[in-house]
Amino acid sequence: MDYQVMPELGEEEYRELKEDISQRGVMVPIEFDEFGNILDGHHRLKICQELGIKEYPKVIRAGMTEEEKRTHARKLNMARRQLSQEQRRELIRQQLKETPEKSDRQIAAGLGVDKNTVNKQRKVMEGCGEIHRVSTTVDTLGREQPRRRKPVTIFNPSKREERAIQNPAVVERMAEGGSAITAAKQIAREEKAERKQYTLPDELPDDVCKLYTADIRGELKMIEDESVDYIITDPPYPKEYVPLYENLSRLAHRVLKPGGSLIVMVGQSYLPEVIQLLGKYMAYHWCLAYLTPGGQSPQLWHKRTNTFWKPVLWYTKGDYTGDYIGDVLKSPPNDNDKQYHEWGQSLGGMKDIVERFTNPGNTILDPFVGGGTTGVAAITMGRKFIGTDIEKDNIEITKKRVKETYARSQARKNGVAG
Ligand SMILES: C[S@@+](CC[C@H](N)C(=O)[O-])C[C@H]1O[C@@H](n2cnc3c(N)ncnc32)[C@H](O)[C@@H]1O
């Protein structure tokens, strides 16, 4: 976008400006819109580049319409530069051509000139047909064309502020008061809260929870390519199961949507091998700590360790662009529920993981479903779930558990004792 409303400076004027900037630096801030387009100061910026000056006073005016930006640029030129009468008239004519429907008073206020001067130019232009006579004008309060949002101005913005105000919602919020960063944070929080909202239907729909008895080594062909948002799983930890982590990595690469995540609870004993195998088809992203406080801590006698946490490895397929995630997860104290599976995880802890990473409506897969903890967390939080396990019994237990838990939670919601 070009908001240069005046012709280029003459050679002599340019040389003088350059000399002045080289001695005193830039005295008048260079003005930009929120997208980095220059509103005022083309020559100053060019000179800075020629002189290698990187720091200069800067102003960002965000939330202006295209027309407001050009008017603003004209006003600054009117006020500052040594303009001849003809140059001033030219700027007024530009403005009249662009917004003939505005009143003389409104145009005069926008440019910082007298309204009679505007009126004189209007008559000349109407006389020679350059603009048409307009039957209605917008009053000075702009009541016929209410502005979409109030422009805001930021002096010497930081890079973070520059990024934040590219979002029109941030500019709108700033117009109510507050900084760009505060506005951006508030908006991000509100958007996240909205994304996390869900309501559950009374009956669990058939397609929300799919469960299959299947060995991951058979590649789980019933799951379509790129149909899953997140894999959240807890494979077996003993040594003989370590090769399965390569199967898991290959599966994740096939079934996850681009940008999807693989979240794996792992033991500590074979961590180097597990990390290496998971990284075969997926990109390592982060390692989170899953705290398991209370008296449930296993004692690893061969390592002489009492463990109160386990790693949760996070891999991605392509770039992750989701929410920020805090990297300490937690199960409630002593929440060591083994009634559905001898290796069962805490439901509270699994809900924490599902809540942080995923949004309602996402599809979550657990290919080592065990007693179904991931499935219960997913479906009671408005997500879709696919679960598989090599043991038929585990699938049957999970089916029953999911159905019963869902019915109980809906009965509680509807105030029915259950
Ligand atoms: C640690 S448990 C999962 C426990 C589950 N997170 C829970 O909270 O109940 C691991 C599960 O992996 C299953 N499994 C072991 N080998 C498998 C394979 N080759 N394919 C699929 N599932 C397998 C086991 O039957 C077991 O149920």
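Laboratory data are not the source of any read-out in this text; all were calculated from the coordinates shown. Keep in mind the model is a prediction, meaning the values are calculated, not measured. FYI the Cβ positions are ideal-geometry reconstructions off the backbone, even for glycines, and counts take in every protein chain you see.
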Using only the Cα atoms of the chain, build the gyration tensor, take square roots of its eigenvalues as a ≥ b ≥ c, and label the shape rounded, prolate or oblate: rounded if a/c is under 1.5, else prolate if a/b is larger than b/c, else oblate.
prolate
Across the stretch 408-415, in residue order, what do the Karplus-derived ³J(HN,Hα) couplings come to in whole Hz, using 6.51 cos²θ - 1.76 cosθ + 1.60 with θ = phi - 60° and x for Gly and Pro?
4, 5, 6, 5, 4, 4, 7, x
Over the stretch 11-193, relative contact order from alpha-carbon pairs under 8 Å, at least 6 apart, %:
21
The distance between the Cα centres of the stretch 198-244 and the stretch 272-336, in whole Å, is 19
Using the Karplus curve 6.51 cos²θ - 1.76 cosθ + 1.60 with θ = phi - 60°, what ³J(HN,Hα) values do you get for each residue of the stretch 397-406, in whole Hz, with x for Gly and Pro?
4, 5, 3, 5, 5, 4, 4, 5, 5, 4
Can you list residues whose amide H is under 5 Å from residue 384's amide H, if they're 5+ apart or on another chain and H is modeled 1.01 Å from N?
361, 362, 363, 364
Starting with the highest mean, order 185-194, 322-331 by the number of other Cβ atoms within 10 Å, averaged over the residues of each peptide.
322-331, 185-194
Show the residues, 5+ positions off or on another chain, whose built amide H is closer than 5 Å to the amide H of residue 371.
none
Interchain or sequence-distant (5+) residues whose placed amide H lies within less than 5 Å of the amide H of residue 309 are 292
Which of the peptides 280-287, 71-78 is most tightly packed, and how do the rest follow, going by the mean number of other Cβ atoms within 10 Å of each residue?
71-78, 280-287
Subtracting the Cα-Cα distance of residue 328 and residue 8 from 0.36 nm times their residue separation yields 109.4 nm
Listed residues 54, 399, 46, most fluctuating in the chain (Gaussian network, C-alpha, under 10 Å)
54
Rounded to 0.05, the calculated FRET efficiency for the beta carbons of residue 305 and residue 355 at R₀ = 35 Å is 0.75
In whole Hz and in residue order, list the ³J(HN,Hα) couplings for the stretch 44-52 that follow from phi through the Karplus curve 6.51 cos²θ - 1.76 cosθ + 1.60, θ = phi - 60°; x for Gly and Pro.
4, 5, 4, 5, 4, 5, 5, 8, x
Entries of 18/75; 75/102; 351/384; 97/123; 150/192 with Cα pairs more than 18 Å apart
18/75; 150/192
Relative contact order in percent for the stretch 73-117 (Cα pairs under 8 Å, 6+ apart) equals 45
Residues in the stretch 357-375, backbone N under 12 Å from the label point at residue 320 (7 Å along the Cα-to-beta-carbon vector): list them, ranges by number please.
357-358
Have a look at 371, 294, 382 and tell me which one the Gaussian network model of the chain (Cα, springs below 10 Å) gives the largest fluctuation.
294
